[in-house]
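Read the structure below first, then the notes.
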Amino acid sequence: MIEMNVAGIALDATTRVPIVLLKDSTERRALPIWIGQNEARAILSVLENQSPPRPMTHDLLGNCLTTLGVSLERVIIHSLEDNTFYAVLTLKQGETTHRVDARPSDAIALALRLNTPIWVMEEVVADASIPVDQEADEEERAAFRSFLNNIRPEDFAQSSGGSGGEPSSLG
């Protein structure tokens, strides 16, 4: 497994569907995962250190886990089938460990809130990651960073619909 970090949220240039971008520690590989608008807002709010006045769904789940003495040990994105990523939450309560099926976007939103590592199986990284050009022009990287830093939840307000799944659109 490869530990990955959330690099940011972007919009697919063609479909305007949000993408969460995970990067490995060497920043040589990036894993784009197409996600829903609500999940993009949930992830973006953590990345921007925004706290809603009342707990949102991922905040509620994190609060429930904490209150019940359950820790989120890790998130594992374990497979990619028919352009859909699959993940599990590894939960621990005392000596008991539970694995719970989750959409990667929800798992990532929860992991960010609970400061939990995100792991991706090597075969998923091999199949779905894109190389990050280490020699990319600094101006291009600065423009992308600026785009990520300036994207707001309102940018996702116009929904293009969708099935609720998480297509990979790796084509």
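Quick note: the coordinates plus some simple rules give every number you see, no bench work behind them. Please read all numbers here as calculations on a predicted model, not as lab measurements. So basically every Cβ, Gly included, is an ideal-geometry build from the backbone, and we count neighbours across all protein chains shown.
Against the definition (over 28 Å from I2 (Cα atoms) and either of a type outside the set (A, V, I, L, M) or crowded, with 18+ Cβ neighbours inside 10 Å (or both)), how does T67 come out, yes or no? Even if it seems obvious, please write down each step before you answer.
On the way: over 28 Å from I2 (Cα atoms): yes; either of a type outside the set (A, V, I, L, M) or crowded, with 18+ Cβ neighbours inside 10 Å (or both): yes.
Taking the combined requirement at face value, the residue satisfies it.
Taking region 18-56, which residues are over 16 Å from D106 (Cα atoms), in contact with a strand residue (DSSP E or B) (Cβ under 9 Å, 6 or more places away or on another chain), not in a strand (DSSP E or B) and not acidic (D, E)?
Those that are over 16 Å from D106 (Cα atoms), in contact with a strand residue (DSSP E or B) (Cβ under 9 Å, 6 or more places away or on another chain), not in a strand (DSSP E or B) and not acidic (D, E): S25, R28.
Residues in region 35-83 that are free of Cβ contacts under 8 Å to residues at least 40 places away in the same chain and among the hydrophobic types (A, V, I, L, M, F, W, C): how many?
5
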